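The structure under discussion appears below in the form of structure tokens.
Please treat every number below as a calculation from the coordinates, not as lab data. Note that the structure is predicted; figures quoted are calculated from it, not measured. Here the Cβ is made from the backbone with ideal geometry for all residues, glycine too, and neighbour counts use every protein chain on show.
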């Protein structure tokens, strides 16, 4: 079995679990208390409930959700990556299917607990999908596209859009459920925003006597470059080289392992970078 096949099977398994978590959030938290999850799923549920309440027509949540995803799917396929798009399609198709087949399961009566823990399920689902090089489709597609274009996380902007959708739901179906839905969405968004590492930057300051070997090894596995500064150890009086580089947080452990393989005696300091100006290569989605 090839390395790529093993990687794809692992991603597929993670996507299935992510879809299951999201479907459970819909069936066991959202549907039971009449909440709205936000995003295209929330918009789909809003349309389903409008047709059911005002027109007495039963629409399929899964079908509407898939239709909403067609445009963003084409956008992501064109600008983000083929494999990312394929796994994302699998993710939201599985979510639609599981949402249809899983029964609504009543867990607790406390609507605040449902809003908080339902949000945690959705946030965990989104993070797991992102870890698998995929996403849940819909507004996640838009967030990924905009973040890739402007090189910063867009989850809080998506939350604002979701709050608008939920406000419409509040005007039509009652503000109590809508406000709890905003709590639900806030929990999910902040969980993702805090733990998604792609647009968080880390600076590595590396002190070594083997700069050429380290640079060559990093160039084989990364598109990031380094800057060399020469100096002298104050105690040993040996010539030292300081390598300076900025990379994404999710790449740090891999790069540190590469460095330590080349120089076990290396000294590395990591620090958070708030902002960079100038040329920086973002690792592309696959």
query: Under the rule of -39500 (n - 2.57) per DSSP H run of 4 or more residues, summed and divided by the residues of the chain, what mean residue ellipticity at 222 nm is obtained, to the nearest 500 deg cm²/dmol?
result: -20500 deg cm²/dmol
Potential extension, residue 193-residue 106 segment - 0.36 nm per residue separation minus Cα distance: 28.4 nm
task: Counting other beta carbons within 10 Å of each Cβ, put 215, 135 in order, fewest first.
output: 215, 135
field: Identified option (computed percent of Cα pairs over 24 Å apart; candidates [x] 56; [y] 61; [z] 52)
entry: [x]
- request: Given the options 12, 229, 120, state which has the largest fluctuation in a GNM of the chain using a 10 Å cut-off (strictly under) for Cα springs.
  value: 229
field: Max mean-square fluctuation residue, GNM over the chain, Cα-Cα springs under 10 Å, options 25, 265, 163
entry: 265
field: 220, 100, 251, 176 arranged by Cβ crowding within 10 Å, fewest neighbours leading
entry: 220, 176, 100, 251
statement: Least to most buried among 242, 146, by other C-beta atoms within 10 Å and fewest first, runs 146, 242
- prompt: With the contact rule set at Cα under 8 Å and sequence spacing of 6 or more, what percent relative contact order holds for segment 69-187?
  reply: 33
- prompt: When the chain is modelled as a GNM with alpha-carbon springs shorter than 10 Å, which of 71, 34, 119 fluctuates the most?
  reply: 71
- prompt: For the chain, what's the relative contact order in percent, using C-alpha pairs closer than 8 Å and at least 6 residues apart?
  reply: 21
message: Over segment 154-286, what is the relative contact order in percent, taking alpha-carbon pairs closer than 8 angstrom and at least six residues apart?
response: 28
